[in-house]
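S.K.: The structure's right below; bear with me while I get my questions together.
The values are calculated or read from the model by the stated rules, or taken from the named source; none is laboratory data. Treat the numbers as computed from the prediction; the structure is a model and nothing was measured. So basically every Cβ, Gly included, is an ideal-geometry build from the backbone, and we count neighbours across all protein chains shown.
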Amino acid sequence: MDGAVLAFFDKHAQALPIYEKLEKSVYEKVPGVTVKVQKSQISFYNRHLFACASFARVRKKQDCPDVYLVVTIGLGHRLDSPRVDLAAEPYPNRWTHHVLLAAPDEVDDELMAWICEAAAFSDSKR
């Protein structure tokens, strides 16, 4: 594991297993991925940003589990799923979705299908 990733999880060490499963799954499913660790998020890129992991607050504090990781993806349409905590359309036909994960097993086929769709959507942009 990259030292920058470990530093990112310094204050959230219990969430690291969620991220490890996410990163492994992204590398397995999406070709040509690069990862950029920033102060507030870890970003996944192909030609463009298509997903990121963070500790963004997408629920009220009392509604958040003690351990969590938020995955954010961009799509050309709004997802209709109870798993999506927050969705916004910052640009026409460009939707940002935030999904809160509380355990590694929540990195499942459904989430990975969304991430793969987000990667394809990102890759199609000029």
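S.K.: Suppose the filter is closer than 22 Å to residue 3 by Cβ and touching a Phe, Trp or Tyr at 6+ places or on another chain (Cβ under 7 Å); does residue 33 pass it?
M.R.: So residue 33 fits the description; yes.
S.K.: Only one residue in 24, 11, 39 is among the basic types (Lys, Arg) and in a helix (DSSP H, G or I). Which one? Before the answer, list the steps.
M.R.: On the way: 11 fails: in a helix (DSSP H, G or I); 39 fails: in a helix (DSSP H, G or I).
When all the criteria are applied, what remains is 24.
S.K.: Moving on to the next point. Which of (1) of a type outside the set (Lys, Arg); (2) part of a helix (DSSP H, G or I); (3) in contact (Cβ under 8 Å) with a residue 40 or more places away in the chain does residue 71 not meet, given it meets every other one?
M.R.: Unmet for residue 71, out of (1) of a type outside the set (Lys, Arg); (2) part of a helix (DSSP H, G or I); (3) in contact (Cβ under 8 Å) with a residue 40 or more places away in the chain: (2).
S.K.: Looking only at residues that are β-branched (Val, Ile, Thr) and closer than 19 Å to residue 15 by Cβ in region 49-106, which one is nearest to the chain's Cα centre (by Cα)?
M.R.: Checking each candidate, the answer is 71.
S.K.: Ok, one more. Considering only residues that are surrounded by 15 or more Cβ atoms within 10 Å (Cβ to Cβ) and assigned to a loop (DSSP other than H, G, I, E, B), which ones fall in region 84-115? Break it down into steps so the answer makes sense when it comes.
M.R.: Just the residues of region 84-115 that are surrounded by 15 or more Cβ atoms within 10 Å (Cβ to Cβ), to begin with: 84-87, 95-101, 104, 106-107, 111-112, 114-115.
Result: 107, single match.
S.K.: Could you go through region 51-64 and let me know if any residue there is over 23 Å from residue 7 (Cβ atoms), acidic (Asp, Glu) and outside any loop (DSSP other than H, G, I, E, B).
M.R.: Scanning region 51-64, I find at least one residue that is over 23 Å from residue 7 (Cβ atoms), acidic (Asp, Glu) and outside any loop (DSSP other than H, G, I, E, B), so the answer is yes.
S.K.: May I ask you to list pairs of residues, at least six apart or on different chains, whose Cβ atoms are under 7 Å apart, with the first in region 100-116 being closer than 20 Å to residue 56 by Cβ and the second being loosely packed, with under 13 Cβ neighbours inside 10 Å and of a type outside the set (S, T, N, Q)?
M.R.: 102/65
S.K.: Another question, then. Among what's in region 116-126 and is among the charged types (D, E, K, R) and over 21 Å from residue 24 (Cβ atoms), pick the residue that is surrounded by the most Cβ atoms within 10 Å (Cβ to Cβ).
M.R.: Taking region 116-126 as the starting set, the residues that turn out to be among the charged types (D, E, K, R) are 117, 123, 125-126.
Add one more test, that the residue is over 21 Å from residue 24 (Cβ atoms), and what stays is 125-126.
Working: 125: 11, 126: 4.
Residue satisfying both the conditions and the ranking: 125.
S.K.: Taking residue 122 and the conditions (1) outside any helix (DSSP H, G or I); (2) touching a Lys or Arg at 6+ places or on another chain (Cβ under 8 Å); (3) among the hydroxyl-bearing types (Ser, Thr, Tyr), which numbered condition does it fall short on, given that it satisfies the others?
M.R.: (1)
S.K.: Condition first: more than 20 Å from residue 118 (Cα to Cα), of a type outside the set (D, E, K, R) and either modelled with pLDDT of 95 or more or surrounded by fewer than 12 Cβ atoms within 10 Å (Cβ to Cβ) (or both). Now tell me which residues in region 10-37 satisfy that. Show your work before the answer.
M.R.: Kept after step one, since they are more than 20 Å from residue 118 (Cα to Cα), are these residues of region 10-37: 10-17.
Then keep just the ones that are of a type outside the set (D, E, K, R); that gives 12-17.
Passing the criteria: 13, 14, 15, 16, 17.
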